[in-house]
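Below is one structure, written out as structure tokens; comments come after it.
Values in this text are rule-based calculations from the coordinates and carry no lab data. Being a predicted model, the structure only gives us computed values, none of them experimental. Note that each Cβ is placed from the backbone with ideal geometry, even for glycine, and that neighbours are counted across all protein chains shown.
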Amino acid sequence: MLRKQVYLTPEEEAKLKRLARATGRTEAEILRLALDLLPEEEAPLLLALAEEGLLEVPERAVTPARMEEAYRRYLDRVAGRGLGLSKAVLADREGR
């Protein structure tokens, strides 16, 4: 990895610290994740789809905290529920 120095406003620094604290990530991880979530301008297919109205672009960026919250809600919903696939495979192997 390369080391970079960035200049942030006090508000941006406070937000970065809040996100890092809320997600248990380092500030560097938050910055890398934010960069990963930004679209590449060199993605002509995505740009063309968006221009034609065939790609829905979210009105606001999804933060790591919101992603984690959604994932935890999903885990809470499926907790304790078996997927049933393993039972089906075992039944098939046993010839049922």
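Sorting 66-78, 13-25 by average packing, meaning the other beta carbons within 10 Å per residue, from highest down gives 13-25, 66-78. Between D76 and L47, the simple label model (points 7 Å from Cα in the Cβ direction) yields a spacing of 4.2 nm. If you take every residue apart from A28 with its C-beta less than 12 Å away from the C-beta of A28, what net charge results, scoring Lys and Arg +1 and Asp and Glu -1? My count for the surroundings of A28 gives +2.
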